[in-house]
1. In region 143-168, how many residues are outside any helix (DSSP H, G or I), open to solvent by 60 Å² or more (accessible area, probe 1.4 Å) and out of contact with any helix residue (DSSP H, G or I) (no Cβ under 9 Å at 6 or more places or on another chain)?
2. Name every residue in region 19-58 that is free of Cβ contacts under 8 Å to residues at least 12 places away in the same chain and either under 30 Å from the mean Cα position of the chain (by Cα) or closer than 23 Å to residue 106 by Cβ (or both), in order of residue number.
3. Take residue 246 and tell me if it is open to solvent by 70 Å² or more (accessible area, probe 1.4 Å) and not polar (S, T, N, Q).
4. I'd like the residue in region 1-15 that is aliphatic (A, V, I, L, M) and more than 12 Å from residue 43 (Cβ to Cβ) and, out of all such residues, is surrounded by the most Cβ atoms within 10 Å (Cβ to Cβ).
5. Out of 58, 78, 70, report the one residue that is more than 30 Å from residue 220 (Cβ to Cβ), outside any helix (DSSP H, G or I) and at pLDDT below 90.
6. So in region 200-243, with the set limited to residues that are acidic (Asp, Glu) and assigned to a helix (DSSP H, G or I), which one is surrounded by the fewest Cβ atoms within 10 Å (Cβ to Cβ)?
7. For region 128-136, state whether one or more residues are in a helix (DSSP H, G or I), buried (at least 19 other Cβ atoms within 10 Å of the Cβ) and among the hydrophobic types (A, V, I, L, M, F, W, C).
8. Testing residue 18 on (1) touching a Ser or Thr at 6+ places or on another chain (Cβ under 7 Å); (2) open to solvent by 50 Å² or more (accessible area, probe 1.4 Å); (3) within 21 Å of residue 65 (Cβ to Cβ), one condition comes back false. Which one is that?
Amino acid sequence: MSIQSIDRAFDIIELLSQTPRGMILSDMAAALSLPVSTVYRITADLVKKGYVDKNSELNLYKIGLKFLDLTGLFRFNLELKTEAQPILMELSRQTGFPVFLATMMDHEVCYIDRVYTAELDSAYSIIGQKRSLFSTSLGKALILSRSDEEILSLIEEKGMVHYTLYSITDPEEFLKVMDECRRRGWTTDNQEDRLDFQCVGAPIYDYKRDIVASVSTSWDKTRFGEMEVEKAADLVMEAAARISERLSSR
C-alpha cells in the first residue's frame, strides 16, 4: 500500500469514527472528496483486516471491532507493566541479569517490557519485538497450559525455525520438553533462540487462572556459566507468582 493510500485509509477511519451509525460509500467519497472507486478499494482492505465492518444489507460501513481489541490489549499491557514494574526491578537486582515481560500477539511472543538495572540506557530497545513461542522460555511459558493438540496446531500454523544448532524443530521432541516444563512449573531456553544465552521463564496468571503473560531472565553462558538454572528459576517463579497475585487483586 502506498503512502497516499495509507493516508486515505486513516482519513476513512477517522471519518467513520465520527459517524457511529455508519456511512455509505458515496457519502464517504463526497466527505473526503475522493472517487467512489478509491474509497471502495481502500475500505474493502480495511474490512478484510477487521478495522471496518460492513452491513451488506444496508451497505453501511462502521468502525470495526478490531479497534476495540487493540484498545483493550493496549490497556491491559499498560496495566500489566504498571503492576509488574517494581517486581521486575527487584528480580533484576536479585539475579543481576536482564528481566523480560511478554504477552502473546498473533501466536508469537511480544516483548512489552525489559528491565536491567545495570544498563538502563538500552532497557527498552526490545519492546515491541516478536519472537517464536517455541524457541524462547517466554514463549514456552505462554503456552504452558496448552494441551499437546493445541501446541501441535500452533506449530503447524507458525512453523519451527532453526535459529541455532540447539533449536528444537521436531514437534514430538518439543512436546517432551513441554511436558517436563509443566511438571516443574518453569521453562527454559538453552541457546535455542540465541547462541550462548540461557533463559528461564514462568507464566503469569489472571484471576481466572488463565496464562496472560510471562516473565524471564537471561544470561550469557560464556560469562556466567556458573549460574545455577534452578536458582534463577526459583526467583523467576516467585516474581511471576507475585505479579499474578497483583493482577488477580485488580
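The values are calculated or read from the model by the stated rules, or taken from the named source; none is laboratory data. Note that the structure is a prediction, hence the values are computed from the model and not measured. Using ideal geometry, Cβ is built from the backbone for each residue, glycine included, and neighbour counts are taken over all protein chains shown. Only protein heavy atoms, including side chains, enter the accessible area calculation; ligands, DNA and RNA are left aside. Shrake-Rupley method; radii C 1.70, N 1.55, O 1.52, S 1.80 Å.
1. Within region 143-168, residues that are outside any helix (DSSP H, G or I), open to solvent by 60 Å² or more (accessible area, probe 1.4 Å) and out of contact with any helix residue (DSSP H, G or I) (no Cβ under 9 Å at 6 or more places or on another chain) number 5.
2. Residues satisfying the conditions are 44, 48, 54.
3. Criteria met by residue 246.
4. 6
5. 58
6. If we take residues in region 200-243 being acidic (Asp, Glu) and assigned to a helix (DSSP H, G or I), then 230 is surrounded by the fewest Cβ atoms within 10 Å (Cβ to Cβ).
7. no
8. With (1) touching a Ser or Thr at 6+ places or on another chain (Cβ under 7 Å); (2) open to solvent by 50 Å² or more (accessible area, probe 1.4 Å); (3) within 21 Å of residue 65 (Cβ to Cβ) applied to residue 18, the lone miss is (1).
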